[in-house]
Each structure stands twice: as structure tokens, then as C-alpha cells.
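What follows is one structure encoded as C-alpha cells, with my remarks underneath.
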Amino acid sequence: MMRLDIITVLPEILESPLNFSIVKRAQEKGLVEIRLHNLRDYSTDKHRRVDDYPFGGQAGMVMQCEPIDRAITFLKNQRRYDEVIYTSPDGEKLTQALANRLSMSQNLIILCGHYKGVDYRIREHLITREISIGDYVLTGGELAAAVMADTIVRLIPGAIGDEQSALSDSFQDGLLAPPVYTRPSDYRGWKVPDVLLSGHEANIREWELQQSIERTQRLRPDLS
Ligand code: ADE
């Protein structure tokens, strides 16, 4: 079973996205155990503070070393972690390939950044990987952590009922997914392509492949 520990100042943001659909079922099936840790629980300050003013006088606040070090050390005393991930727009871009690799981990920590970020010494000494979900700035790392957890957990074998279904996702083979249709075959004169109604398996697979190739070249030429 994978263990995923997420350290955050706002665990409430993560509760809902991790408790529906495939990610919820993966936890119920015992494929992954996800734990949210409130960083404030590791503060030694009487007001449970976890941030302070930056040296150098810039605007904004910085997350302090001590609570983060205490939280990560507490977790590392219980098991070995494959990666200690920090959510940051500076990080390596999250891709399907990276999600595939991370889904093979045994234990992961994700530290959610906030304010102007964490004291740089945490990144130098405790973080093993910094990941960005895209070239834009979020208010905090929680939404990024939710995206990472979702994309990693659905790739754990058994998380998706029909295992084929993860393999046929967009990006899994470097191609966008082909169009899909369901009943009725004619809705207000909008018709489902004939080949899909033909029952001819080989022709259908070939049509889907051609659609994937055409859509990838047209919509995401950067992928090929
Ligand atoms: N924190 C703020 N912006 C982020 C991003 N784009 N990816 C990951 N973490 C972030």
C-alpha cells in the first residue's frame, strides 16, 4: 500500500478533492493511505505560528524551518520515504511520465508551500523534488498537491476498475484520447460516426488511432 503524507497549513482545502471518486475508492480498497498533517500542530509557538518576516526586508512572509523540520522528521521516524516533494512554481513540470514514476513509489511526502515560500534551507536539506503543476502562480500549494495526489493515485494498479481505462487516457501514449460517444446514436440529427456502430473491432481501433493522431497534430503539435 502506498502512503501519501501531505503537510499543509490548510488541510481543509485538500479534504474534499481527496474524498471522492477514484481517489476515495483507492483508499477504501487499501491501495493508498492519504494523511493530511496540519503544519501548525508542529509549531512550538504558543500562537501556533509557522511563518515569520524574511531576512532582507522584502514584503511577504516566509514559512519557518522548525515546524517543517519537526513534521518531516516525525514522519521519517516511522517509515522511509521515496521522495519529499515541495509544491513550487520553480519546480520540474508535472507530466504524465512523472506521475507514472511517482505512482510506483511506496511512500511520499508532499509539503505545500505558502506565503512567499519556505525558508530556503528546507529546500536545500530536506526536499528531494520540487514540482510545479504549470507556469502560473497559485495562492498556495494545496491545489497543486491535490492535482499531484489525484494524478498519482489513479495510476496505482487497481485504482481504476477497468485497467485499460488508465492506459487509454490522453498523454499515456503521447497521444490525445480519441472522441467518445454514447446513446442515442442520433441526437437532434447530430450523428455518431458510422464506424463506431459497425461492430467491426479492427476498423474501430484503426479509426480511434487515426483520430488520436489527427487531434494531437492539430491541437498539441508540441507533443509529437
Ligand atoms: N504553488 C504556487 N504555484 C504553484 C504551481 N504552479 N505549481 C505548484 N505549486 C505552486
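If you run the Gaussian network model on the chain, springs between alpha carbon atoms under 10 Å, then out of 133, 152, 13 the most flexible one is 13.
Using the average count of surrounding beta-carbon atoms within 10 Å as a protection proxy, the listed peptides 195-201, 66-72, 94-100 rank, highest first, as 66-72, 94-100, 195-201. Starting from the Cα gyration tensor of region 72-172, take the square roots of the eigenvalues, sort them a ≥ b ≥ c, and report rounded, prolate or oblate (rounded when a/c is under 1.5, otherwise prolate if a/b is larger than b/c, else oblate). Oblate, since a/c reaches 1.5 and b/c is not below a/b. Estimated at 0.36 nm per residue, the fully extended path between residue 177 and residue 95 surpasses their Cα-Cα distance by 27.9 nm. In the full protein context, the chain carries 58 Å² of accessible surface per residue, based on a 1.4 Å probe and ignoring ligands, DNA and RNA.
Taken about its Cα centre, region 2-153 carries a charge dipole of about 400 debye when Lys and Arg each add +1 at the Cβ and Asp and Glu each add -1 at the Cβ. Here region 2-153 exposes an accessible surface that is 50 percent carbon and sulfur, computed with a 1.4 Å probe and the other protein chains kept in place.
Take the Cβ atoms of residue 65 and residue 215, set R0 to 41 Å, and the FRET efficiency comes out at 0.30.
Within the shell of other residues whose beta carbon sits under 10 angstrom from the beta carbon of residue 81, the net charge comes to +1, with Lys and Arg scored +1 and Asp and Glu -1.
Note on the chain: dipole from Cβ charges, positive end direction compared against 75, 177, 17; the farthest Cα belongs to 75.
How large is the helix-only mean residue ellipticity at 222 nm for the chain, computed as the sum of -39500 (n - 2.57) over DSSP H runs with n ≥ 4, divided by its residue count, in deg cm²/dmol to the nearest 500?
Calculated at 222 nm, the ellipticity per residue is -9500 deg cm²/dmol.
Against the longest alpha carbon principal axis of the chain, how many degrees, from 0 to 90 and to the nearest 10, is the axis of helix 65-76 turned? Result, in degrees: 60. How much net charge surrounds residue 24 when only other residues with a Cβ under 15 Å from its Cβ are counted (Lys, Arg +1; Asp, Glu -1)? For residues surrounding residue 24, the net value is 0. The H on the amide N of residue 171, modeled in the peptide plane, is under 5 Å from the matching H of 176, 177, each at least 5 residues off or on a different chain. Sites counted here are chymotrypsin sites (Phe, Trp or Tyr not before Pro) in a DSSP loop (not H, G, I, E or B) having no more than 10 other Cβ atoms within 10 Å; the longest part of the chain that contains none of them is 137-224. For the peptides 101-110, 45-54, the ranking by packing is 101-110, 45-54, with the highest mean count of neighbouring Cβ atoms within 10 Å listed first. Annotation for residue 200 and residue 48: the two label points, set 7 Å from Cα along the Cα-Cβ direction, are 6.6 nm apart.
Enumerate by residue number the trypsin sites (Lys or Arg not before Pro) in region 1-32 meeting two conditions: DSSP loop (anything except H, G, I, E, B), and at most 15 other Cβ atoms within 10 Å of the site's Cβ.
29
Loop-resident trypsin sites (Lys or Arg not before Pro) (DSSP state other than H, G, I, E or B) in region 152-224 with no more than 14 further Cβ atoms inside 10 Å of their Cβ: 188. In order along region 193-198, the phi-based Karplus estimate (6.51 cos²θ - 1.76 cosθ + 1.60, θ = phi - 60°) of 3J(HN,Hα) comes to x, 3, 4, 6, 9, 6 Hz; Gly and Pro are listed as x.
The values are calculated or read from the model by the stated rules, or taken from the named source; none is laboratory data. Only a predicted model underlies this, so the values are computations on that prediction, with no experimental measurement involved. Every residue, glycine as well, gets a Cβ built from its backbone with ideal geometry; the counts of neighbours run over all protein chains shown. Side chains are part of the model used for accessible areas, which takes the heavy atoms of the whole protein and leaves out ligands, DNA and RNA. Shrake-Rupley method; radii C 1.70, N 1.55, O 1.52, S 1.80 Å.
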